[in-house]
1. Could you pull out the residue among 169, 142 that is modelled with pLDDT under 90 and either farther than 22 Å from residue 43 by Cβ or not hydrophobic (A, V, I, L, M, F, W, C) (or both)?
2. So which of 84, 11, 114 ends up being over 28 Å from residue 144 (Cα atoms), in contact (Cβ under 8 Å) with a residue 60 or more places away in the chain and of a type in the set (Asp, Glu)?
3. Identify the single condition in (1) in a loop (DSSP other than H, G, I, E, B); (2) surrounded by fewer than 16 Cβ atoms within 10 Å (Cβ to Cβ) that residue 150 does not satisfy, given that it satisfies every other one.
4. So which residues in region 153-179 are within 23 Å of residue 55 (Cβ to Cβ), in a loop (DSSP other than H, G, I, E, B) and not aliphatic (A, V, I, L, M), if there are any at all?
5. Quick one: in region 14-49, which of the residues that are polar (S, T, N, Q) and in contact with a strand residue (DSSP E or B) (Cβ under 8 Å, 6 or more places away or on another chain) is farthest from residue 90 (Cα to Cα)?
6. Hey, among the residues in region 44-73 that are over 23 Å from residue 20 (Cβ atoms) and in contact with a Gly (Cβ under 7 Å, 6 or more places away or on another chain), which one's modelled with the highest pLDDT?
7. Would you point out which residue out of 82, 87, 108, 22 is among the small types (Gly, Ala, Ser), crowded, with 22+ Cβ neighbours inside 10 Å and either part of a helix (DSSP H, G or I) or at pLDDT 95 or above (or both)?
8. Output the residue which, of all residues in region 53-79 that are in a strand (DSSP E or B) and not aliphatic (A, V, I, L, M), is surrounded by the most Cβ atoms within 10 Å (Cβ to Cβ).
Amino acid sequence: MIGSPNRISRDTIIGGTLAHGARLHALPMPRAMMAIGGPSKTHAMSDATIQSHVETARSLSRQGYSLLVTLSRRTPDSARKAWDDLAQTLENIWLHDPESDVDNPYFAFLGGADVLFVTEDSTNMLTEACTTGKPVYRLAMDGDPGKFQKLYDALETRCCVRRWDGNLDDRPYPALDETSRMAQRILERMGSRQ
């Protein structure tokens, strides 16, 4: 299995997108989602890395992208402040902070974005981004990825996910649905034992 099982489906993305449709559609296309995690056992988030993420968003905004930014509960205060500061300077940005906003637009962001950027500390967010079939890029974190390198390699092979280098490349891939694939494999194995 690539990544982790999840509850993302076409229906959950459509439902989330419709639920937040008015606010989402107020942001002009194209749109870029920025899914920001935080430090973990294998990854760190230095001030320089935070600024690199914010500068990526600023650069996309200059290229005409609206920004859909979601932070996680692991996002450090220094990163929260940097994203808050950016949101004060841009017009077409939706910043979701789970610490202050309980109405989570995550599914709407997956559905409404044209391209997705995910910090490379999160197996879940990387895997979930690939369920869309849209271009996905890893945002660099500090530290030695260790076993995460296997995930990065698998997602690059299967879903064309690469570390962001400033170049957009819309190589197509079939949307990732490992949860359904694994369920089907289990059913097939159970059937073969009867």
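The values are calculated or read from the model by the stated rules, or taken from the named source; none is laboratory data. Predicted, not measured: the structure shown is a model, and the values here were computed from it. Ideal geometry is used to build each Cβ from the backbone, glycine not excepted, and the neighbour counts take in all protein chains shown.
1. On the way: 142 fails: modelled with pLDDT under 90.
Being modelled with pLDDT under 90 and either farther than 22 Å from residue 43 by Cβ or not hydrophobic (A, V, I, L, M, F, W, C) (or both) holds for just one of 169, 142, which is 169.
2. Of 84, 11, 114, the one residue that is over 28 Å from residue 144 (Cα atoms), in contact (Cβ under 8 Å) with a residue 60 or more places away in the chain and of a type in the set (Asp, Glu) is 114.
3. (1)
4. 164, 165, 166, 167, 169, 170 - these are the residues of region 153-179 that are within 23 Å of residue 55 (Cβ to Cβ), in a loop (DSSP other than H, G, I, E, B) and not aliphatic (A, V, I, L, M).
5. Filtering first and then ranking leaves 46.
6. 45
7. Answer to the selection: 108.
8. Let us first name the residues in region 53-79 that are in a strand (DSSP E or B), namely 66-71.
Checking the rest, the ones that are also not aliphatic (A, V, I, L, M) come to 66, 70.
Details: 66: 22, 70: 25.
That would be 70.
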